[in-house]
Amino acid sequence: MIPSALARSLWARLFYIADILRNTSYGIMDEDVQFNFAEFQIVHFFFECMDARPAMKELLAVTGLSSGAASQAVDSLVKNGFVERIRSEEDRRSFQIGATDKLRTYREKPIRHFEKMLDMFHQTTGITPDEMKAVEEIFLCLAQSRTGGELAAMKHPSDLTVPGLVSNDLTCRKELNTLPVWMLILHFTTNLRLPILLFYYGKRGRTTLGKLRLLNYLFFLSDRLDGGPMVKDLASRFRVSSGVISQTLNAMIQDGMVERVMSPLDHRVIRIRLTPLGLRMRRQTATAYTCFMQNFFSRTEPEKVALFDRVLDMTLHFLRTDGKVFLIPGETPDMFG
């Protein structure tokens, strides 16, 4: 079994790279596209399974959404032309949900963008075709492990113990084989994180994509910034106004995950940090992810683990240097450098 420090480093770098890719894909798409959390879950599913035609109950199973949240999200996506309801041929009283040409067009934009980025990555890093093939196989196995897989329950005696991930019968092995490597990374990290987010917010109310992005950022930064970021730092990071950040933070404070505190050096400065509950959730999720990565890589040859580790470092270096031209303005892939 690989050391826990290496396992933590692997998933932390993977999550960080995935967030850079996800934020970049947002920037590539038109700025007037604003999905909430439920809508994003459905759009994310169709990005991976564009030809799928799930019934509503299948969509509930694969996204983990409640029927009410999913229905409202589908209504909104239909209204904006991203998905359509298709009457089932087997039962004319029921409907299936399908992606529209508009959503296919949106999907093509980041695909073309990341194809160019991967081409430059291959050219500038010196990684051989055989090495890249081995790494892609690991990414594929990681993605497959999160399709209907189980995340071991956290053993800490609290209400944050997380059940296994909902089964995703619609994303089969054949479909994952057709996805580009950057989408496999998003698939893996999204599905590894999903049960914890659904469990926490399922008990305490609905959430938004903005909350989740802020919370994820604070999870990474809570032990790297002295005292935590200020609102203006978060506004700059996410390219939104300070007012939007403040509204999102007010809702997160009610959730009990974050708090505003005065800086001990300057009482005029207010910083944002995780509460004891937020820190506890961070520790528990880190433990769960570390155990998952240790178990996964216990079945992988040591030389492939070393190669995977090296390629993650190469990716972060690439995103800080030559590959930075492919990122949206304001992305700073230097947290691990």
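What to note about this one:
- Applying the criterion of at least 3 residues that are closer than 15 Å to residue 186 by Cβ to the helices (runs of 4 or more DSSP H) found wholly in region 1-115 leaves 4-28, 37-48.
- The set of residues from region 86-109 being closer than 16 Å to residue 45 by Cα and among the charged types (D, E, K, R) comprises 101, 102, 104, 107, 108.
- Tallying residues that are modelled with pLDDT under 80, outside any helix (DSSP H, G or I) and among the hydrophobic types (A, V, I, L, M, F, W, C) within region 265-312 yields 1.
- Matching option when the condition is at pLDDT 55 or above and surrounded by fewer than 15 Cβ atoms within 10 Å (Cβ to Cβ), among 203, 102: 102
- Per-region count, region 4-60, residues of a type outside the set (Gly, Ala, Ser) and within 22 Å of residue 292 (Cα to Cα): 10
- Taking each residue of region 265-279 that is hydrophobic (A, V, I, L, M, F, W, C) and looking for partners that are assigned to a strand (DSSP E or B) and modelled with pLDDT of 85 or more with beta-carbon atoms closer than 6 Å, six or more apart or interchain, yields 270/260; 272/258; 274/258.
The values are calculated or read from the model by the stated rules, or taken from the named source; none is laboratory data. Remember, it's a predicted structure, so these values are computed and weren't measured experimentally. Ideal geometry is used to build each Cβ from the backbone, glycine not excepted, and the neighbour counts take in all protein chains shown.
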